[in-house]
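Below: the structure, in structure tokens.
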Amino acid sequence: MSNIRAIRGMNDILPDVTPSWQYVETVIGSLMASYGYSEMRMPIVEQTDLFRRGVGETTDIVEKEMYTFLDRNEESLTLRPEGTAGCVRAAIQHGLLNTVQRLWYTGAMFRYERPQKGRQRQFHQVGAEAFGVASPDMDAEVILLTARLWRELGIAEDVQLQLNSIGNAESRNAYRDALVAYLRERVDALDEDSQRRLDSNPLRILDSKNQETQAVLDGAPSLVDFLDEESAADFSRLRELLDAAGVAYSLNPRLVRGLDYYNKTVFEWVTDRLGAQGTVCGGGRYDGLVEQLGGKSVPGVGFAMGIERLVLLLEECGQLPPAEASADVYVVSFGDSAQTAALAAAEQLRDALPGLRIVQHNGGGSFKSQMKKADKSGARLALIWGDDEVAANTVSIKPLREQNNERVGQQSVARAELEQTLRALLAV
């Protein structure tokens, strides 16, 4: 019988990697709190119509990438491919949008894509959404938050901000007509995917990675020339705010993002350190989405970033913290009475010294084999119980690592003095 393996593109995150994820998640959670964002957690399964209405019928996500199925009630459900639509649904359902609201979330997302480095079928995102403010100072806030995150992670020099404005629906429709007219005269020079999008979602052609298509686009009309007055003014104000805050950026007139709900400001943080998968974080404004999903008209702006890709970037840039040992103290014992004493003492130490990582050796074995495991754990100290220690109500403490370039010798201490001795030796 063959072994059952993980589904392609859905990877196990193993113990040697999870500390890097925990580090990133801790930094992000602290940063979100410092800006007044509150965490929420949404289901990973939603009604399919949520994404059809929110993300857009003609987007690649809805057309080709969603994991959709019928449940036992014949209701169409979908594993969430992104977080914004679900966050908006939850905010409407629970009446959270009666005031300015700052929310953030993290969790697994699912898209049926070709697995490659930094892009999997099950991936994990962190997202933030700010509701209730239509002015560009809120756009600036979410961009400044991400800029601060790069500084705190030590990768500010390795990511670059790209900005664009895609205007309101009327200006986009006018631009769409001009772009389609231009491209129809050159349709044979477009790649197959862009030819398909010409009727369904022509603005996504601007994001094509095909070099021949990009060459055709060099002479295409520019979206900025079609911006409505309000969008142009907001975009100008956003740039003023970013300039004043010292955030560098470049204007990318072909940046449109892949989701239909965006309007006005869109942005991406990109890097050249990860090959073709260069986008680290992306977002923008979506003022019509709440109303589109059944709520009152409430403006919104937000962003999302993939944790897998962020961890890869930190690794590439040498900014992941060094791996920590799995234990501070390793408990060794010989014989039933010694094991009983050691087990009870370890529990008392966990009560007295919270945060101290104490690993108990289980399963018996020789002194030599137990000490090998103690050393392999990375622990600084081994606590040793045997018949002599039990009889004398003592414990032997054996240092496993050099301190101040010296290997301190083994010592025996009274059981009543163990906690105090560990505090001194481990500075806890």
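The values are calculated or read from the model by the stated rules, or taken from the named source; none is laboratory data. Keep in mind the model is a prediction, meaning the values are calculated, not measured. Backbone-built Cβ (ideal geometry, glycine too); neighbour counts: all protein chains shown.
Observations on the model:
- Candidates Val187, Val180: the one that is surrounded by 14 or more Cβ atoms within 10 Å (Cβ to Cβ) and outside the structural domain of Phe303 (by TED's automatic domain parsing) is Val180.
- One residue from Arg41, Arg72, Arg8 being surrounded by fewer than 15 Cβ atoms within 10 Å (Cβ to Cβ) and in contact with a Pro (Cβ under 7 Å, 6 or more places away or on another chain): Arg8
- Odd one out for Leu14, checked against (1) under 17 Å from the mean Cα position of the chain (by Cα); (2) in a helix (DSSP H, G or I): (2)
- No other residue among Glu113, Glu157, Glu129 is more than 24 Å from Thr59 (Cβ to Cβ) and either surrounded by fewer than 17 Cβ atoms within 10 Å (Cβ to Cβ) or among the acidic types (Asp, Glu) (or both) apart from Glu157.
- Residue under evaluation Lys372, criteria (1) under 13 Å from Val329 (Cα atoms); (2) surrounded by 12 or more Cβ atoms within 10 Å (Cβ to Cβ); (3) not polar (S, T, N, Q), criterion not met: (1)
- Only one of the numbered conditions (1) among the hydrophobic types (A, V, I, L, M, F, W, C); (2) more than 29 Å from Phe235 (Cβ to Cβ); (3) in contact with a Pro (Cβ under 8 Å, 6 or more places away or on another chain) is not met by Ala134, and that is (2).
- For first residues located in the range 339-365 and under 22 Å from Asp375 (Cα atoms) and modelled with pLDDT of 95 or more, partners that are assigned to a helix (DSSP H, G or I) and among the polar types (S, T, N, Q) and lie 6+ apart or on another chain with Cβ distances below 8 Å form the pairs His361/Gln370.
- Failed item, numbered, when Gly95 is tested on (1) in contact (Cβ under 8 Å) with a residue 24 or more places away in the chain; (2) more than 24 Å from the chain's Cα centre (by Cα): (1)
- Check on Glu419, touching a residue at least 40 places away in the same chain (Cβ under 8 Å), surrounded by 12 or more Cβ atoms within 10 Å (Cβ to Cβ) and more than 41 Å from the chain's Cα centre (by Cα): no
- One residue stands out in the range 222-238 among those that are surrounded by 17 or more Cβ atoms within 10 Å (Cβ to Cβ) and charged (D, E, K, R): the one that is farthest from Asn173 (Cα to Cα), namely Asp234.
- Some residue of the range 107-130 being within 18 Å of Lys296 (Cβ to Cβ) and either modelled with pLDDT of 95 or more or assigned to a loop (DSSP other than H, G, I, E, B) (or both): yes
- Any chance Leu145 is under 25 Å from Thr265 (Cβ atoms) and hydrophobic (A, V, I, L, M, F, W, C): yes
- Residue within the range 28-42 that is β-branched (Val, Ile, Thr), under 18 Å from Leu310 (Cβ atoms) and assigned by TED's automatic domain parsing to the domain that holds Tyr105 present: yes
- Any hit, the range 140-156, residues being out of contact with any Ser or Thr (no Cβ under 8 Å at 6 or more places or on another chain) and either farther than 30 Å from Ile28 by Cα or modelled with pLDDT under 90 (or both): no
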